[in-house]
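A.B. asks: I'd like to ask some things about the structure below.
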Amino acid sequence: MKVSNSPLLSVKELVKYFPVKRSMFSRSVKFLKAVDGVSFEVWQGENIAIVGESGCGKTTLGRMLCGIIPPTKGTIEYEGEPMSKVDKKQFVSVVQPIFQDPYSALNPVMNVRQILSKPFKLHDIDFNDETLCSLLEQVGLSPPRSFLKRYPHQLSGGQRQRIVIARALALNPKLAVCDEPVSGLDPTVQILILNLLRKFQQMYRTTYLIISHDIRLVKSICQRTMVMYLGKIVEVGPTGDVLQRPFHPYTKSLLQSFPSRDPDDTSWVDNPPIFGDVPSAIDPPSGCGFRTRCPLAVEECALKNPTLTTCGPNHYVACHVVLDGLKVGGSH
C-alpha cells in the first residue's frame, strides 16, 4: 500500500562483486558476481519477498540493504536519501535485520537484558526493566522477568528467534529485512513467529522484506514477490500472480520443486522440477544465466541478456522466449 509519493526503499542497478584469487600465489583476480544489476522499490506498508535457490544472491542483497556490506556499484535510497548520507544512528532506526540463525545472531556472553538494552543505549533512549519486559511480552515470552537473566544457550530455538525479533523491532524500524525468519523452527513455532510479525506490522506499520525458500510464508505475508537467479531478478509481480501464473521457466520449475499435498497431482509432467546445478557466479553463462538449465532455451538466449519487461499488470519477466510468445499470442 503506497502511503507517500516516494518509496520507502529504492534500489537502482545494485551490484556486488567479491574478488576471488585462483590460488594463493596467483596475481590474477576474478570476481564472484553475487548480485549483478538489481533494481526495485519497496513502498511503506507492503511486504515483498525474494525467492530463489541457494547461491542466487538473496542473502548478499539483504546484507547490502542493511548496510552490513557495501555495494560494488549502484545506489540504495531510503525515502529518497542515499544510504551513504544517512546518519548511522538514524539508519539503524530505519532498517533492521532479522537473521536466519538466531543463535549466531546473539552474543553468547550477553544475557537477554544486555541484548535488549543495546538499541536503547545506542540511541541514548531512556529505558528500564519494565521497558524490556514489555518487549518480551510483545514477542510472547512470559513471565518476562524470568528471561532477563538468561543467556542464549539457555533458550530454545523459537525463544532465541523471538529475542532477535524483539531486539530488531525495539525501536520500531520502518523496514525489517528478514532472512529466512522461520527456517529450522518447528511448524508450531513457525506459526507463532509469523503471527508475531503480523502483530508488529499492525502495531507499528513495519514493512518486511522477506528472504525465504518457504512458499507458504511468502503466500501468507507478502504482496509482491521477486525471483532471483544467479544475481539477477528474472521475474517480479504480485505474489498471487507469480506463484499461481508464473511466466519464467525458472519460476515454474522452482515452484514445481515444492512437494504437492495432492497425491494425484501430475503437473510435474508438463513442468518438471529444475535440473542441474546453478552455474558458477565467477564464470556465468553468456546471455541469459538460466539458459544452461532451461528447456526452452534458443540461440538468442546465449547472445543477449534479457531485461525485465511487462507481461501483465505490475508483472515483469526477463525471458526472450516468453516475451516473444507474448508478442505473437497477445497479452496474457
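A.B. asks: Can you list residue pairs whose Cβ atoms sit under 8 Å apart, with the first residue in the stretch 54-73 being open to solvent by 50 Å² or more (accessible area, probe 1.4 Å) and the second being among the basic types (Lys, Arg)? Count only pairs 6 or more apart in sequence or on different chains.
C.D. replies: Here the result reads Thr72/Lys16, each pair linking the stretch 54-73 to a residue that is among the basic types (Lys, Arg).
A.B. asks: I'm told Tyr204 meets every condition in (1) touching a helix residue (DSSP H, G or I) at 6+ places or on another chain (Cβ under 8 Å); (2) open to solvent by 10 Å² or more (accessible area, probe 1.4 Å); (3) of a type in the set (Ser, Thr, Tyr) except one. Can you identify the failing condition by its number?
C.D. replies: Condition (1) is where Tyr204 drops out.
A.B. asks: Let me ask another. Restricting the search to the stretch 143-164, which residues are of a type in the set (Lys, Arg) and within 14 Å of Pro108 (Cα to Cα)?
C.D. replies: Passing the criteria: Lys149, Arg150, Arg160.
A.B. asks: Okay, moving on. What number of residues in the stretch 127-148 are outside any loop (DSSP other than H, G, I, E, B) and either of a type in the set (Lys, Arg) or in contact (Cβ under 8 Å) with a residue 40 or more places away in the chain (or both)?
C.D. replies: Going through the stretch 127-148 one residue at a time, the tally reaches 2.
A.B. asks: Further, regarding this structure: Pick out the one residue from Ala170, Ala176 that is open to solvent by less than 20 Å² (accessible area, probe 1.4 Å), touching a residue at least 12 places away in the same chain (Cβ under 8 Å) and part of a loop (DSSP other than H, G, I, E, B).
C.D. replies: Unique residue meeting the criteria: Ala170.
A.B. asks: In the stretch 87-103, how many residues are part of a helix (DSSP H, G or I), in contact (Cβ under 8 Å) with a residue 24 or more places away in the chain and either among the basic types (Lys, Arg) or open to solvent by less than 30 Å² (accessible area, probe 1.4 Å) (or both)?
C.D. replies: Within the stretch 87-103, residues that are part of a helix (DSSP H, G or I), in contact (Cβ under 8 Å) with a residue 24 or more places away in the chain and either among the basic types (Lys, Arg) or open to solvent by less than 30 Å² (accessible area, probe 1.4 Å) (or both) number 3.
Yes/no per residue for (1) surrounded by 13 or more Cβ atoms within 10 Å (Cβ to Cβ); (2) at pLDDT below 90:
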| residue | (1), (2) |
| --- | --- |
| Phe247 | yes, no |
| Thr251 | yes, no |
| Leu254 | yes, yes |
| Arg261 | no, yes |
| Val269 | no, yes |
| Gly276 | no, yes |
| Lys304 | no, no |
| Asn314 | no, no |
| Val328 | no, yes |
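A.B. asks: While we're here: Report yes if Phe40 is outside any helix (DSSP H, G or I), at pLDDT 90 or above and open to solvent by less than 30 Å² (accessible area, probe 1.4 Å), otherwise no. It would help to see each step written out before you state the result.
C.D. replies: Values: outside any helix (DSSP H, G or I): yes; at pLDDT 90 or above: yes; open to solvent by less than 30 Å² (accessible area, probe 1.4 Å): yes.
For Phe40, the condition - outside any helix (DSSP H, G or I), at pLDDT 90 or above and open to solvent by less than 30 Å² (accessible area, probe 1.4 Å) - is met.
A.B. asks: Would you check which residues across the stretch 216-240 are surrounded by fewer than 19 Cβ atoms within 10 Å (Cβ to Cβ), out of contact with any Asp or Glu (no Cβ under 9 Å at 6 or more places or on another chain) and outside any strand (DSSP E or B) and list them?
C.D. replies: Arg216, Lys219, Ser220, Gly240
A.B. asks: Answer yes or no as to whether Leu243 is open to solvent by less than 60 Å² (accessible area, probe 1.4 Å), modelled with pLDDT under 90 and part of a helix (DSSP H, G or I). Full working, then the answer.
C.D. replies: Working: open to solvent by less than 60 Å² (accessible area, probe 1.4 Å): yes; modelled with pLDDT under 90: no; part of a helix (DSSP H, G or I): yes.
No: the conditions fail for Leu243.
A.B. asks: Out of the residues in the stretch 149-167 that are part of a loop (DSSP other than H, G, I, E, B) and of a type outside the set (S, T, N, Q), state the one that is most open to solvent (accessible area, probe 1.4 Å).
C.D. replies: Lys149
A.B. asks: Which one is modelled with the highest pLDDT among residues in the stretch 179-201 that are of a type in the set (Val, Ile, Thr) and open to solvent by 70 Å² or more (accessible area, probe 1.4 Å)?
C.D. replies: Ile191
A.B. asks: Assess whether Pro7 counts as being farther than 21 Å from Val278 by Cα, open to solvent by less than 60 Å² (accessible area, probe 1.4 Å) and either modelled with pLDDT of 95 or more or outside any strand (DSSP E or B) (or both).
C.D. replies: Yes: the conditions hold for Pro7.
A.B. asks: For Asp124, only one of the following conditions fails: (1) open to solvent by 40 Å² or more (accessible area, probe 1.4 Å); (2) modelled with pLDDT of 90 or more; (3) assigned to a loop (DSSP other than H, G, I, E, B). What is its number?
C.D. replies: (2)
The values are calculated or read from the model by the stated rules, or taken from the named source; none is laboratory data. Note that the structure is a prediction, hence the values are computed from the model and not measured. For neighbour counting, all protein chains shown are included, and Cβ atoms are generated from backbone atoms with ideal geometry for every residue, glycine included. Accessible surface is based on the protein model in full, side chains and every heavy atom, while ligands, DNA and RNA are left aside. Shrake-Rupley method; radii C 1.70, N 1.55, O 1.52, S 1.80 Å.
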